[in-house]
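The values are calculated or read from the model by the stated rules, or taken from the named source; none is laboratory data. Nothing here was measured: the structure is a model prediction, and the numbers come from that model. Here the Cβ positions follow ideal geometry from the backbone for every residue, glycine too, while neighbour counts run over all protein chains shown.
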Amino acid sequence: MTCDFDYHRANRSAQYDGLGIFLTYTCPKCHREKMAGFRADIRDRYETDEPIEDEA
Ligand SMILES: [Zn+2]
């Protein structure tokens, strides 16, 4: 599904990966298509509850 420029600008929202790194802007019409360009697990790869060793 594609979006036109005005719809995209009016409805876009910033997308970030699991570390809060900006990826792109998407709107509801192009969200799936644009996010498909990124790793499928990019948004949840950091959401696991794996223990993080803090040796500091
Ligand atoms: Zn769009």
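Tabulated results
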| item | result |
| --- | --- |
| Residues being more than 9 Å from the ligand (Cβ to nearest atom) and farther than 21 Å from residue 38 by Cα - total across the range 1-20 | 2 |
| Residue in the range 2-12 that is part of a loop (DSSP other than H, G, I, E, B), modelled with pLDDT of 90 or more and over 17 Å from the mean Cα position of the chain (by Cα) present | yes |
| Residue satisfying all of: in the range 23-37; part of a helix (DSSP H, G or I) and surrounded by fewer than 15 Cβ atoms within 10 Å (Cβ to Cβ); farthest from the ligand (Cβ to nearest atom) among these | 32 |
